[in-house]
Amino acid sequence: MKIEAKNLRPLPSVSLFNRNGLNFVGSANTIQLLDTALVVEGLLKTLGLIVVDLLFRQALSEWTTVTIPYSRIVSCNYKRNNLKIIFVFLLTYFPFLLVAALPVLTDGRITESNLGIFLGLLLVLTIPACIAFAVLFFVMRLGPRVVLIFRRADGRQMQVSFRITPKSLRAKFLERLESNRKTATQALGHNSRLAEEGNHR
Amino acid sequence: MDARAAADVAREIERAPGPPTRQIVANCPVKRLEKVIGFKLAASAAVIYVRLRGLQREKVLRDAALEGGAGSDRYFDLLHKELDYRFANVGFHLKYAEALVARNRMADAAVEARLILVQDPYNFNGNLLLANSYYSLGLLRESIDVCDQYLAVSGYCFEFSELRELCQQRMGTV
């Protein structure tokens, strides 16, 4: 099974400062579910620069392949990230809320006049707050994603995040991945039993 | 405005309390616009560079396919030249290592296969190539080790099991 580039969008793992994430960039990446392993092919960010990243991500990347055997996959889940989205929204909204609350805070008590000013300001400041949140949402790419956690050859846990569209394809991908993982686990168990029997002989 | 009047204005600006001339120039809207345009140009240049690299990669693959035989000198040189530039590209690296095998340069192929595994440790073809190269070179113990390592993570790969058995037969342990 191959997820083509048009159905796949790589997303930054967890945060911009996350060191355990494999960050694929661009719109030409593909994922293949082979019999032996899951293969991710695409532009992998090799050099990380905090602000420059936003504009020159692809120029700082190299075309490469990452092979992940099914037995090395720790988990693969679809995450909606609702809590994170709400947290970022509240974080964006807080300064605007504080500005709107200034008349109330400076007066020391809530009166009809400052409550009116507060509500009016809150209504006016909601628009820039929403714009700021939308910018953060798209820059940080907070939307729902498939998060794949696996162990590298040196034992370190790594993470790859991506979005698969449409929904039916994503469901099929997760189902197939789970079945391949089960088969891989069974095969490893069978192999270890054979090795034990060989040792006893 | 004649030269004398312009000099007077410049002198006045220097004397006047406030930011120095350099700061005034930096805050000038035209200069700011230049900065923005420069920034956008740099971003556009990066996008063009990335697209160019992608298209070049495809062109090399097409050229290599057009060469026909994997054993030809041109095909080999093409891959060798590209590999210096696209060192992280596992696909190119594999093709180069396979070209070395086709030329019966097994020791070089083993070296390249090991380099592939530095980039992508669980690459199926890379591991198989390394194990086969070791087998051809008579390094049977090393070949068995590679097979064992891969079978430890992908137990159902019969290619590695068979190669392992072949090595053991040759060593006389089975």
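The values are calculated or read from the model by the stated rules, or taken from the named source; none is laboratory data. What you are looking at is a predicted structure, and each value in this text was computed from that prediction instead of being measured. No Cβ is skipped: glycine too gets one built from the backbone with ideal geometry, and neighbour counts run over all protein chains shown. Just so you know, the surface numbers come from the protein's heavy atoms only, side chains and all, with ligands and any DNA or RNA stripped out. Shrake-Rupley method; radii C 1.70, N 1.55, O 1.52, S 1.80 Å.
Figure note: B:V111, B:V118 ranked by solvent-accessible area, largest first, 1.4 Å probe, ligands and nucleic acids not counted: B:V118, B:V111. Among B:I37, B:I116, B:I48, the sequence by solvent-accessible area, most first, with a 1.4 Å probe is B:I48, B:I37, B:I116.
Ranked from largest to smallest solvent-accessible area, with a 1.4 Å probe on the protein heavy atoms, B:H93, B:H80 come out as B:H80, B:H93.
Could you pull out the pairs from A:K6/A:K172; A:K6/B:K40; A:K84/A:K182; A:K45/A:K167 whose alpha carbons sit more than 19 Å apart here? Violating the 19 Å limit, Cα to Cα: A:K6/B:K40; A:K84/A:K182; A:K45/A:K167.
Using a probe of 1.4 angstrom and keeping all protein chains present, the accessible surface of region B:79-174 works out to 48 square angstrom per residue.
Surface composition of the protein assembly as shown: carbon and sulfur atoms hold 61% of the protein heavy-atom accessible area at a 1.4 Å probe. Within chain A, helices built from complete DSSP H runs that reach 15 Å or longer along their own axis (Cα positions) and carry a mean Kyte-Doolittle hydropathy of 0.5 or higher are A:82-107, A:112-139.
Using the Cα gyration tensor of region A:129-192, with a ≥ b ≥ c the square roots of its eigenvalues, what is the shape: rounded (a/c below 1.5), prolate (a/b larger than b/c) or oblate (neither)? Oblate is the answer for region A:129-192, as a/c is 1.5 or above yet b/c matches or exceeds a/b. For A:K2, a cut-off of 13 angstrom between C-alpha atoms picks up these aspartates and glutamates, skipping any fewer than 8 places away in its own chain: A:D35, A:E41. Where the centre of each part is set by its Cα atoms, how far does region B:40-115 sit from region B:128-152, in angstrom? Value for the Cα centre distance between the two parts: 25 Å.
For the chain pair B and A, buried accessible area totals roughly 2100 Å², probe 1.4 Å, rounded to the nearest 100.
Expressed as cubic angstrom per residue, what is the convex hull volume of the alpha carbon set of chain A?
175 Å³
B:F87 contributes about 120 Å² of solvent-accessible surface, heavy atoms of the protein only, 1.4 Å probe. The lysines within cross-link reach of B:K81, meaning a Cα-to-Cα straight distance under 20 Å and a gap of 8 or more places when in the same chain, are B:K59, B:K95. A:V139 contributes an accessible area of around 60 Å² to the protein surface, as traced by a 1.4 Å probe with all chains present. Here the sum of -39500 (n - 2.57) over DSSP H runs of 4 or more residues, divided by the residues of chain A, equals -16000 deg cm²/dmol at 222 nm, to the nearest 500.
What size of dipole, in debye to the nearest 20, comes out for the protein assembly as shown about its Cα centre when the only charges are +1 on Lys and Arg C-beta atoms and -1 on Asp and Glu C-beta atoms?
Working: 48 positive and 34 negative charges, 186 e Å.
Dipole magnitude for the protein assembly as shown comes out near 900 debye.
Given 37 °C and 0.692 mPa s, how large is the Stokes-Einstein diffusion coefficient of region B:79-174 in µm²/s, with Rh as the Kirkwood radius over Cα pairs?
243 µm²/s
Using bins of 5 Å that start at zero, the share of Cα-Cα pairs per bin across region A:40-98 amounts to 4, 13, 11, 10, 15, 22, 13, 6, 3, 2, 0, in whole %. Across peptide A:40-49, the mean count of Cβ atoms from other chains lying within 10 Å of each residue's own Cβ comes to 1. Every pair of different Cα atoms in the protein assembly as shown enters the Kirkwood calculation, which places the hydrodynamic radius at 25.8 Å.
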